[in-house]
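S.K.: Below you will find the structure I want to go over with you.
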2 protein chains.
Amino acid sequence: MQIGELVAASGVPLATIKYYIREGMLPAGETDGARRATYDEEHLGRLRLIRALLTVAELPLSRIKAVLDLLDHGETDTGTVLRKAIGAIGDPSITEGAPTPRASEAIGSFVPGYAPLEPAMSMLEKSLDGIDAAGFAVSPERLRLYSQAMLTIAESEVEAIPAEPHEAIRYTVLGTVVVEPLLVAMRRLAQQSLASGR
Amino acid sequence: MQIGELVAASGVPLATIKYYIREGMLPAGETDGARRATYDEEHLGRLRLIRALLTVAELPLSRIKAVLDLLDHGETDTGTVLRKAIGAIGDPSITEGAPTPRASEAIGSFVPGYAPLEPAMSMLEKSLDGIDAAGFAVSPERLRLYSQAMLTIAESEVEAIPAEPHEAIRYTVLGTVVVEPLLVAMRRLAQQSLASGR
């Protein structure tokens, strides 16, 4: 397709697309001697990924570039891909590798299946700090219930990760960030539904 | 306690506490004729709530004031309390009451127990729009699995809502916002744990 069609298909303005190309975030179109460059589904998919990371995950451009770097220099091992993807999309305010005493203690209450891996452990530590600072308490029984629910979800998701590394990164990054607001909305809708019936 | 002790116990600077009092977000201390005002656990709890909404939920001050208004003019019905609380802490960019065609269609795939209630339906619609815009797809089977997990979580949470309306609002608001980052971190840790074992 030509650039005008890419604008129409993606909903991203022409000037923005040109900016992404200049920044190396999007490959330039193919020119086969003719004057106009042409773009394909690969360009469209990548534009959609950039926009999702920007608008749904609200990641800064520097983090989005880190995700795109992962895509361009793909690892072949699913575990490594996932760790790097979670690190790239993760909260930039977390300090990966710092001690995580609360998280380490908490996963003792989790259902079996969890390993104390970075960067997710640092995110867990930060969330537990936030709960503590708010004067809220989550019992070990509640932690177990939450961890069972999240493990069930993750099992189904990790099984569905494509084998091809490039697709695996795209699937993991998108699946992680765009599904989070869905789960949050579902929980609130379930709470509302149950409470209105009380 | 005196204001210096409130500063120490809450970790909130003196100038900020005074600002909250001027803005009507925090009641002034008790003065019984003596020169210095005294503060109690009620003040400390309220400060913690304000800070959690500010730092964990990253709500703007106008939204935090709406939550505090709810606390000060409490409803007695749990369903109404929860609906108002979810509305007050919700994403300010959602348009409550607008048509929610995607969300209405999606809840057809959910496990029974969900009702199409605002403002959560508008949040659900926005999350589904984001998934669609990203070029990602969530199958009806996956929606069912997610909705089962979130309903199980919500059942345990709604059962635990205190009967006293003031406490119910505090519990609901805090429980909703501070637990969201915990669930997100747990899901990412579960994904990492499972993927590293593949």
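S.K.: Return a yes/no flag: does the stretch B:97-104 have any residue that is within 14 Å of chain A (Cβ to nearest Cβ), modelled with pLDDT of 85 or more and exposed (fewer than 15 other Cβ atoms within 10 Å of the Cβ). Break it down stepwise before answering.
M.R.: Residues of the stretch B:97-104 that are within 14 Å of chain A (Cβ to nearest Cβ), as a first pass: B:100, B:102-104.
Checking which are modelled with pLDDT of 85 or more leaves us with B:100, B:102-104.
Next, only the ones that are exposed (fewer than 15 other Cβ atoms within 10 Å of the Cβ) stay: B:104.
Yes: the stretch B:97-104 contains one or more residues that are within 14 Å of chain A (Cβ to nearest Cβ), modelled with pLDDT of 85 or more and exposed (fewer than 15 other Cβ atoms within 10 Å of the Cβ).
S.K.: For the condition in contact (Cβ under 8 Å) with a residue 12 or more places away in the chain, touching a Lys or Arg at 6+ places or on another chain (Cβ under 8 Å) and within 7 Å of another protein chain (Cβ to nearest Cβ), what is the one hit in B:I86, B:I94?
M.R.: One residue alone meets the criteria, B:I86.
S.K.: Still on this structure, please answer the following. If the Cβ limit is 8 Å and pairs must be 6+ apart or interchain, which residue in the stretch B:139-158 that is at the interface with another protein chain (Cβ under 7 Å from one of its Cβ atoms) pairs with which residue that is among the basic types (K, R) and part of a helix (DSSP H, G or I)?
M.R.: Listed by first residue and then by second, the contacts come to B:M150/A:R187; B:I153/A:R187; B:A154/A:R187; B:S156/A:R142.
S.K.: Among B:Y114, B:Y171, which is within 10 Å of chain A (Cβ to nearest Cβ) and within 30 Å of B:G24 (Cβ to Cβ)?
M.R.: Only one candidate qualifies: B:Y171.
S.K.: Oh, and also: For residues that are part of a helix (DSSP H, G or I) and at the interface with another protein chain (Cβ under 7 Å from one of its Cβ atoms), scanning just the stretch B:129-138, find the one that is farthest from the chain's Cα centre (by Cα).
M.R.: B:A133
S.K.: If B:E58 meets every condition in (1) more than 9 Å from every other protein chain (Cβ to nearest Cβ); (2) in a helix (DSSP H, G or I); (3) more than 21 Å from A:S196 (Cα to Cα); (4) not aliphatic (A, V, I, L, M) apart from one, which number is that one?
M.R.: (2)
S.K.: Which of the residues that make up the stretch B:163-192 are of a type in the set (S, T, N, Q) and surrounded by 22 or more Cβ atoms within 10 Å (Cβ to Cβ)?
M.R.: We begin by selecting, within the stretch B:163-192, every residue of a type in the set (S, T, N, Q); these are B:172, B:176, B:191-192.
Selection gives B:T172, B:Q191, B:Q192.
S.K.: Could I ask something else about it? Out of (1) crowded, with 22+ Cβ neighbours inside 10 Å; (2) within 19 Å of the chain's Cα centre (by Cα); (3) aliphatic (A, V, I, L, M), what's the single condition that is false for B:L117?
M.R.: Status for B:L117: all satisfied but (1).
S.K.: Next question, about the same structure. Select from the stretch B:145-161 the residues that are charged (D, E, K, R) and exposed (fewer than 14 other Cβ atoms within 10 Å of the Cβ) and list them in ascending order.
M.R.: The initial filter retains those residues of the stretch B:145-161 that are charged (D, E, K, R), namely B:155, B:157, B:159.
If the condition is that a residue be charged (D, E, K, R) and exposed (fewer than 14 other Cβ atoms within 10 Å of the Cβ), then B:E159 is the only one that fits.
S.K.: Hey, among the residues in the stretch A:19-49 that are touching a Leu at 6+ places or on another chain (Cβ under 7 Å) and of a type outside the set (S, T, Y), which one's surrounded by the fewest Cβ atoms within 10 Å (Cβ to Cβ)? Let's see the steps before the verdict.
M.R.: So the first thing to find is which residues in the stretch A:19-49 are touching a Leu at 6+ places or on another chain (Cβ under 7 Å), and the list is A:20, A:25-26, A:39, A:43-44, A:46-47, A:49.
Cutting the leftovers down to of a type outside the set (S, T, Y) gives us A:25-26, A:43-44, A:46-47, A:49.
Details: A:M25: 19, A:L26: 22, A:H43: 24, A:L44: 17, A:R46: 20, A:L47: 23, A:L49: 23.
Here the residue is A:L44.
S.K.: Out of curiosity, is B:T16 among the β-branched types (V, I, T), surrounded by 12 or more Cβ atoms within 10 Å (Cβ to Cβ), in contact with a strand residue (DSSP E or B) (Cβ under 6 Å, 6 or more places away or on another chain) and more than 14 Å from chain A (Cβ to nearest Cβ)? Outline the logic, then answer.
M.R.: Details: among the β-branched types (V, I, T): yes; surrounded by 12 or more Cβ atoms within 10 Å (Cβ to Cβ): yes; in contact with a strand residue (DSSP E or B) (Cβ under 6 Å, 6 or more places away or on another chain): no; more than 14 Å from chain A (Cβ to nearest Cβ): yes.
No.
S.K.: Shifting gears a bit: How many residues are touching a helix residue (DSSP H, G or I) at 6+ places or on another chain (Cβ under 6 Å), of a type outside the set (G, A, S) and in a loop (DSSP other than H, G, I, E, B) if we restrict to the stretch B:1-44?
M.R.: Of the residues in the stretch B:1-44, 4 are touching a helix residue (DSSP H, G or I) at 6+ places or on another chain (Cβ under 6 Å), of a type outside the set (G, A, S) and in a loop (DSSP other than H, G, I, E, B).
The values are calculated or read from the model by the stated rules, or taken from the named source; none is laboratory data. Keep in mind that this is a model prediction, so the values were computed, not measured. As a convention, Cβ positions derive from the backbone with ideal geometry for all residues, glycine included, and neighbour counts pool all protein chains shown.
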